[in-house]
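See structure below.
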Amino acid sequence: MALLIALHVLAAVVWVGGMFFAYMVLRPSAGPLEPETRLALWHRVFHRFFPWVWLSIVLLLASGYGMLFLYFGGFAGAGLHIHIMQATGIIMMLLFLHLFFAPWRRFGHAVERHAFPEAAKELGQIRRIVAINLALGLLTVIVGASGRSWF
């Protein structure tokens with residue numbers, strides 16, 4: 001159980017912490033850059049961050065369902081906080097899948113073609129999805145950390 005919890009927490013920290021850094025620190029810091037420089041920077045950042053998100057998703061699913069079935073006896077044995085974590089986590093994963101396969105792909109192609117107005121539009125879409133996922137991620141962390149204390 002300790003290994004599964006450790007993997008679960010580390011995966012959540014990498015994903016949610018990466019989004020927090022990108023949204024709250026890097027985005028405002030990159031704002032004053034020239035559009036071409038800013039968009040190229042975001043392309044490099046996402047290109048390096050998204051493999052970590054994929055790994056985090058795999059670890060979150062494997063460790064979460066491992067704990068659920070090995071230690072809680074399945075869904076019936078899990079507390080409300082675990083069901084909430086699962087729901088918000090799945091929503092986050094679905095949002096990331098959309099982000100990755102739609103605006104991120106279009107963003108990358110636009111940056112490679114130097115179509116910067118198009119790239120900026122896609123980056124705005126990515127930013128909105130990241131904002132939603134960051135809020136969901138922070139909520140999920142709060143629920144996961146405090147849920148055992150609810151009852």
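The values are calculated or read from the model by the stated rules, or taken from the named source; none is laboratory data. Since the model is a prediction, treat every value here as computed from it, not as a measurement. Every residue, glycine among them, receives a Cβ derived from its backbone with ideal geometry; neighbour counts consider all protein chains shown. Surface areas here come from the heavy atoms of the whole protein model, side chains and all, with no ligands, DNA or RNA. Shrake-Rupley method; radii C 1.70, N 1.55, O 1.52, S 1.80 Å.
Listed values, structure above:
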read-out	value
Qualifying positions in the stretch 28-55 - among the hydrophobic types (A, V, I, L, M, F, W, C), in contact (Cβ under 8 Å) with a residue 24 or more places away in the chain and over 20 Å from residue 135 (Cα atoms)	39, 40, 42, 55
Among the residues listed as 94, 41, the single one being closer than 30 Å to residue 149 by Cβ and among the aliphatic types (A, V, I, L, M)	94
Exclusive hit being buried (at least 18 other Cβ atoms within 10 Å of the Cβ) and more than 17 Å from the chain's Cα centre (by Cα), set 68, 134	68
Residue check, residue 9 within 27 Å of residue 116 (Cα to Cα), part of a helix (DSSP H, G or I) and of a type outside the set (Lys, Arg)	no
Subset of the stretch 107-131 that is closer than 18 Å to residue 53 by Cα and hydrophobic (A, V, I, L, M, F, W, C) - its residue that is nearest to the chain's Cα centre (by Cα)	130
Residue within the stretch 100-109 that is open to solvent by 50 Å² or more (accessible area, probe 1.4 Å), of a type in the set (Gly, Ala, Ser) and out of contact with any strand residue (DSSP E or B) (no Cβ under 6 Å at 6 or more places or on another chain) present	no
Hey, residue 122 loosely packed, with under 15 Cβ neighbours inside 10 Å and of a type in the set (D, E, K, R) or not	no
Counted residues, the stretch 2-27 - those being free of Cβ contacts under 8 Å to residues at least 12 places away in the same chain and under 12 Å from the mean Cα position of the chain (by Cα)	3
Failed item in (1) open to solvent by 30 Å² or more (accessible area, probe 1.4 Å); (2) at pLDDT 95 or above, with residue 75 passing the rest	(2)
